[in-house]
Amino acid sequence: MRIAAIGGGVIGGGWIARFLLSGHDVAVFDPHPEAQRIVGEVLANATRAWERLFQAPLPRPGRILWAGSVDEAVRDADYIQESVPERLELKHRIIAEIEAAAPGTALIGSSTSGFKPSELRQGARHPGRILVAHPFNPVYLLPVVEVVGGGAAAERACEILTGIGMKPVRIAREIDAHIGDRLLEAVWREALWLVHDGIATTEEIDDIIRFGFGLRWAQMGLFETYRIAGGEAGMRHFLGQFGPALKWPWTKLMDVPDLDEALIDRIAAQSDAQSGRHSIRALERIRDDNLVGIFQALKANDWGVGQTVRAQEDGFYAREPARAEGYPLRLHQARVSGGWVDYNGHMTEFRYLQVLGDATDAFLIHIGLDADYRAQGRSAYTVETHIRHLAEVKAGELLTVETRLLGHDAKRFRLHHAILRADGSEAATGEHMLLHVDTGAGRAMPMPPALLQALERVAAQDRAPHPDHAGAGIRPIRQREATA
Ligand SMILES: NC(=O)C1=CN([C@@H]2O[C@H](COP(=O)(O)OP(=O)(O)OC[C@H]3O[C@@H](n4cnc5c(N)ncnc54)[C@H](O)[C@@H]3O)[C@@H](O)[C@H]2O)C=CC1
Ligand SMILES: C[N+](C)(C)CC(=O)CC(=O)[O-]
C-alpha cells in the first residue's frame with residue numbers, strides 16, 4: 001500500500017513514523033527547511049519506543065521518500081494523511097492540491113483536531129473520500145484515532161488504520177472537535193482558570209493528574225471508573241450522590257480566561273520551572289518510556305491498550321518468512337538495534353535468546369501453530385534451552401537464523417537454531433525442547449494429526465548428522481584448565 005503524508009510536524013512526524021515502522025513506504029511533503037531533521041528525530045524516538053514496547057520482531061521498516069511538492073507525494077498514493085496547521089483555508093488549499101494529483105480512489109484522512117468533515121469537504125471534487133482521522137500525540141504509540149465521516153471510505157480507512165496497530169473509533173455524528181478534544185478542552189479550560197486565579201501552579205495541577213486520576217484513565221475510562229466509585233450500587237448510586245454537584249459552581253463551564261501576556265508569562269514561567277531542565281526530545285523519551293511500561297502492564301493483564309499491543313504483535317509474528325523453502329529452514333531475520341548493545345559494546349546476552357525465541361515462533365507459525373491455533377487453547381511451551389554464544393555481534397548487523405528439527409514425538413519437539421552473521425559465520429546456536437500443551441489445563445497433551453504431519457514433513461528434510469554439540473550441556477571445568 002502506498003502512503004503519502006502532507007505535513008511532517010508534531011503529528012505528521014508521528015504518523016510517518018507509525019507507517020514506516022509498520023513496514024510501509026511513505027512519500028512526504030513538508031516545505032519546512034528542517035523537515036527532514038525534525039521527522040528524523042521523531043522517527044528515532046519512535047523506533048526506540050517500538051523496540052522497547054514489542055517482544056515480537058518488528059517488520060522491516062518502510063522507506064521515506066521526500067517529495068518536492070504535494071503533487072509528487074500523492075501521485076501514486078492509496079492513503080494520504082494530511083497534517084498541516086489547523087487553518088481551514090490552508091486545509092482547503094492542500095486538499096485541492098491533493099485531489100488534482102492523487103488517484104481517484106485514494107483516501108484522504110485529515111488529522112484536524114477540530115474541523116468537521118463537512119467543513120473539510122467544502123469545494124472538494126470527491127468529498128466522500130475525505131475523512132477526519134484524528135490521532136493523539138504521540139501518534140506512533142497511542143492507538144486511538146477518531147474517524148469521522150461515514151460510508152465505505154470510512155470502512156476502508158479503519159481497515160488501513162487497524163493494519164498499523166491503531167484502534168479506530170468511528171464517530172457517527174460530526175461535531176466540532178470530535179470527542180477527545182471536547183473532553184480535553186473542558187479539563188484544559190479549568191486548569192487555565194486555576195492558574196489564572198492563583199489557586200494552583202502548573203506543577204501542582206499536573207501532580208494531581210499524574211499521581212491521581214490520570215492513572216485511572218489509562219486503564220478504565222470515565223464511566224467505568226465512576227461505576228466503581230458508586231460502590232456496590234454502581235452507577236445509579238454514583239449519579240444519585242454526585243449528580244447534584246454538577247449544578248453547583250464547581251467548574252467555570254464555558255468561560256475562558258483571557259490568555260493575555262501576563263497569563264501566558266505566568267504559565268510559561270511555571271512550566272519552565274517544572275520541566276525546563278529537559279529538552280523536548282528528552283521529555284518525549286521520558287513520556288514514551290512511561291507509556292511503554294503502562295502498555296506492557298496492560299498487556300500482561302490482557303486489558304485495554306494491552307490487547308491492541310498483543311494483536312499487533314500477533315501480526316508481526318505472522319510475517320513473511322526470510323526464505324520459505326530449502327533446508328535448514330530460514331524463517332527469521334533480525335537487525336541488531338542500538339538498544340540491544342550493552343556496556344561491552346556488543347549485543348547483550350538476553351537478546352540472543354530473543355532472536356532464538358523469535359525464530360522458534362516463526363517455526364511454530366510455519367507448522368501451523370499460529371494465533372488461530374492458540375485461540376483453541378493449545379500452544380507450545382519451551383521447557384529447556386541451551387545457548388552457545390560464539391561471536392560478538394555489533395549494532396546494525398543483520399542476523400539470519402537457520403532452523404533444524406532434531407526430533408519429535410507425540411508431545412515434544414526439539415529445535416536447533418544457528419544464528420548466522422552476514423558472512424555466514426555462526427554467532428550463536430540454540431537448542432530448545434518444546435512441549436505441546438493444553439493451555440487451559442496447563443499440562444502436556446498429544447499434538448493433533450495436522451501438527452504431527454507438519455512436523456513429519458520438516459523431519460523428512462533433516463538428513464544431515466546432528467551437530468556435535470547437540471544434546472550437550474556446559475562442560476565441567478577440569479582442574480588443569482582452571483589453573484592454566
Ligand atoms: N499537536 C497536537 O497535539 C495535535 C495536532 N493535531 C492536528 O494535526 C495537524 C498538525 O498539527 P501539528 O503537527 O501539531 O502542527 P505542526 O506545526 O507541528 O506541524 C505542521 C507541519 O505542517 C507543515 N506545513 C505547513 N504548510 C504546509 C504545506 N502547505 N504543505 C505541507 N506541509 C505544510 C509545517 O512545515 C509543519 O511541519 C493540525 O490539524 C492539528 O490540529 C491532531 C492531534 C494532536
Ligand atoms: C491540543 N490539541 C487540540 C491539538 C490536542 C489534540 O488534538 C489531541 C491530543 O493529542 O491531545
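Of the residues in region 171-224, how many are touching a strand residue (DSSP E or B) at 6+ places or on another chain (Cβ under 8 Å) and either in a helix (DSSP H, G or I) or free of Cβ contacts under 8 Å to residues at least 24 places away in the same chain (or both)? Even if it seems obvious, please write down each step before you answer.
Taking region 171-224 as the starting set, the residues that turn out to be touching a strand residue (DSSP E or B) at 6+ places or on another chain (Cβ under 8 Å) are 171, 174, 178-181.
From what is left, the residues that are either in a helix (DSSP H, G or I) or free of Cβ contacts under 8 Å to residues at least 24 places away in the same chain (or both) are 180-181.
Of the residues in that region, 2 qualify.
Scan region 140-150 and give yes if some residue there is outside any helix (DSSP H, G or I), among the acidic types (Asp, Glu) and either within 24 Å of ALA218 (Cα to Cα) or within 26 Å of the chain's Cα centre (by Cα) (or both), otherwise no. Working first, answer last.
Looking only at region 140-150, we keep the residues that are outside any helix (DSSP H, G or I), and these are 140-150.
Now restrict to residues that are among the acidic types (Asp, Glu): 146.
Filter once more, so that each one left must be either within 24 Å of ALA218 (Cα to Cα) or within 26 Å of the chain's Cα centre (by Cα) (or both): 146.
Yes, region 140-150 contains a residue that is outside any helix (DSSP H, G or I), among the acidic types (Asp, Glu) and either within 24 Å of ALA218 (Cα to Cα) or within 26 Å of the chain's Cα centre (by Cα) (or both).
Just to verify a result, which residue in region 170-194, among those that are within 16 Å of ligand 2 (Cβ to nearest atom), among the aliphatic types (A, V, I, L, M) and buried (at least 16 other Cβ atoms within 10 Å of the Cβ), is farthest from VAL309 (Cα to Cα)? Reasoning before the result, please.
Filtering region 170-194 for residues within 16 Å of ligand 2 (Cβ to nearest atom) gives 171, 174-192.
Retained after the next criterion (residues that are among the aliphatic types (A, V, I, L, M)): 171, 175, 177, 179, 183-184, 186-187, 191-192.
This time we only want the ones that are buried (at least 16 other Cβ atoms within 10 Å of the Cβ), so: 171, 177, 191-192.
Numbers: ILE171: 23, ALA177: 27, ALA191: 32, LEU192: 34 Å.
Here the answer is LEU192.
Among the residues of region 42-51, is any within 14 Å of ligand 1 (Cβ to nearest atom) and more than 21 Å from the chain's Cα centre (by Cα)?
no
Return the residues of region 364-387 that are of a type in the set (D, E, K, R) and either surrounded by fewer than 14 Cβ atoms within 10 Å (Cβ to Cβ) or in contact with a Gly (Cβ under 8 Å, 6 or more places away or on another chain) (or both); say none if nothing qualifies.
Going residue by residue through region 364-387, those that are of a type in the set (D, E, K, R) are 370, 372, 374, 378, 384.
Passing the criteria: ASP372, GLU384.
Do you know which residues across region 225-266 are in a helix (DSSP H, G or I) and of a type in the set (Gly, Ala, Ser)? Don't jump to the end; show me each part of the working.
Pass one, region 225-266, residues in a helix (DSSP H, G or I): 225-229, 231-242, 244-247, 261-266.
Scanning region 225-266 gives ALA229, GLY231, ALA233, GLY234, GLY240, ALA245, ALA262.
How about region 28-41: which of its residues are of a type in the set (A, V, I, L, M, F, W, C) and either surrounded by fewer than 21 Cβ atoms within 10 Å (Cβ to Cβ) or away from ligand 1 (no atom under 12 Å from the Cβ) (or both)?
Here is the first cut: in region 28-41, the ones of a type in the set (A, V, I, L, M, F, W, C) are 28-29, 35, 38-39.
Across region 28-41, the qualifying residues are ALA35, ILE38.
Considering (1) modelled with pLDDT of 90 or more; (2) among the aliphatic types (A, V, I, L, M); (3) buried (at least 20 other Cβ atoms within 10 Å of the Cβ), say which one VAL336 fails and leave the rest.
Result: VAL336 fails condition (1) only.
Does GLY198 count as within 16 Å of ligand 1 (Cβ to nearest atom) and modelled with pLDDT of 95 or more? Walk me through how you get there before you give the answer.
Working: within 16 Å of ligand 1 (Cβ to nearest atom): no; modelled with pLDDT of 95 or more: yes.
So GLY198 fails the test.
Of the numbered conditions (1) touching a residue at least 40 places away in the same chain (Cβ under 8 Å); (2) charged (D, E, K, R); (3) surrounded by 14 or more Cβ atoms within 10 Å (Cβ to Cβ), GLU392 fails exactly one; give the number of that condition.
Going through the list (1) touching a residue at least 40 places away in the same chain (Cβ under 8 Å); (2) charged (D, E, K, R); (3) surrounded by 14 or more Cβ atoms within 10 Å (Cβ to Cβ), GLU392 breaks only (3).
Identify, from the list LEU120, LEU43, the residue that is aliphatic (A, V, I, L, M), closer than 30 Å to ALA300 by Cβ and either away from ligand 2 (no atom under 16 Å from the Cβ) or in contact with a helix residue (DSSP H, G or I) (Cβ under 8 Å, 6 or more places away or on another chain) (or both).
The conditions single out LEU43.
For GLY440, state whether it is in the same structural domain as ARG374 (by TED's automatic domain parsing) and exposed (fewer than 11 other Cβ atoms within 10 Å of the Cβ). Break it down stepwise before answering.
Working: in the same structural domain as ARG374 (by TED's automatic domain parsing): yes; exposed (fewer than 11 other Cβ atoms within 10 Å of the Cβ): yes.
When the stated conditions are applied, GLY440 passes them.
Do we find a residue being at pLDDT below 90, more than 30 Å from THR47 (Cβ to Cβ), of a type in the set (A, V, I, L, M, F, W, C) and surrounded by 13 or more Cβ atoms within 10 Å (Cβ to Cβ) anywhere in region 258-265?
yes
Would you confirm whether any residue within region 162-184 is assigned by TED's automatic domain parsing to the domain that holds VAL144, under 28 Å from the mean Cα position of the chain (by Cα), polar (S, T, N, Q) and closer than 25 Å to VAL292 by Cα?
yes
Determine whether ALA297 is touching a helix residue (DSSP H, G or I) at 6+ places or on another chain (Cβ under 8 Å) and farther than 26 Å from ALA191 by Cα.
Working: touching a helix residue (DSSP H, G or I) at 6+ places or on another chain (Cβ under 8 Å): yes; farther than 26 Å from ALA191 by Cα: yes.
For ALA297, the condition - touching a helix residue (DSSP H, G or I) at 6+ places or on another chain (Cβ under 8 Å) and farther than 26 Å from ALA191 by Cα - is met.
Of the conditions (1) part of a helix (DSSP H, G or I); (2) crowded, with 24+ Cβ neighbours inside 10 Å; (3) within 16 Å of ligand 2 (Cβ to nearest atom), LEU90 clears all except one; give me its number.
(2)
Of the residues VAL84, VAL70, VAL74, which single one is within 16 Å of ligand 2 (Cβ to nearest atom), in contact (Cβ under 8 Å) with a residue 60 or more places away in the chain and closer than 14 Å to PHE29 by Cα?
Values: VAL70 fails: within 16 Å of ligand 2 (Cβ to nearest atom); VAL74 fails: within 16 Å of ligand 2 (Cβ to nearest atom).
Exactly one residue qualifies, and that residue is VAL84.
Note down all Cβ pairs under 7 Å where the first residue falls in region 3-30 and is under 20 Å from TRP50 (Cα atoms), the second is of a type in the set (S, T, N, Q) and crowded, with 24+ Cβ neighbours inside 10 Å, and they're at least six residues apart or on different chains.
GLY9/SER83; ILE11/SER83; ILE11/SER111; GLY12/SER83; TRP15/GLN81; TRP15/SER83
Does ARG18 satisfy being out of contact with any Cys (no Cβ under 9 Å at 6 or more places or on another chain), charged (D, E, K, R), surrounded by 15 or more Cβ atoms within 10 Å (Cβ to Cβ) and modelled with pLDDT of 95 or more? Walk me through how you get there before you give the answer.
Numbers: out of contact with any Cys (no Cβ under 9 Å at 6 or more places or on another chain): yes; charged (D, E, K, R): yes; surrounded by 15 or more Cβ atoms within 10 Å (Cβ to Cβ): yes; modelled with pLDDT of 95 or more: yes.
Yes: the conditions hold for ARG18.
So GLY123 fits all but one of (1) surrounded by 16 or more Cβ atoms within 10 Å (Cβ to Cβ); (2) more than 16 Å from ligand 1 (Cβ to nearest atom); (3) on the phi > 0 side of the Ramachandran plot; what number is the exception?
(1)
Identify all residues within region 441-484 that are in a loop (DSSP other than H, G, I, E, B) and either within 18 Å of LYS411 (Cβ to Cβ) or within 36 Å of the chain's Cα centre (by Cα) (or both); write none if there are none.
Kept after step one, since they are in a loop (DSSP other than H, G, I, E, B), are these residues of region 441-484: 441-442, 445-448, 462-478, 484.
Correct list: ALA441, GLY442, MET445, PRO446, MET447, PRO448.
Does ASP272 satisfy being assigned to a helix (DSSP H, G or I) and acidic (Asp, Glu)?
Values: assigned to a helix (DSSP H, G or I): yes; acidic (Asp, Glu): yes.
Yes, satisfied.
Counting only residues that are assigned to a helix (DSSP H, G or I) and aliphatic (A, V, I, L, M), how many does region 338-381 have?
As a first pass, look at region 338-381 and keep what is assigned to a helix (DSSP H, G or I): 338-340, 349-366, 371-374.
If we keep only those that are aliphatic (A, V, I, L, M) as well, we get 353, 355-356, 359, 362, 364-365, 371.
Count: 8.
Which one of these does ILE365 not meet: (1) modelled with pLDDT of 95 or more; (2) under 25 Å from ARG414 (Cβ atoms)?
Evaluating ILE365 over (1) modelled with pLDDT of 95 or more; (2) under 25 Å from ARG414 (Cβ atoms) leaves (1) as the failure.
The values are calculated or read from the model by the stated rules, or taken from the named source; none is laboratory data. Computed from a predicted structure; not experimentally measured. Quick reminder, even Gly has a Cβ in these numbers, built from the backbone with ideal geometry, and neighbours come from all protein chains shown.
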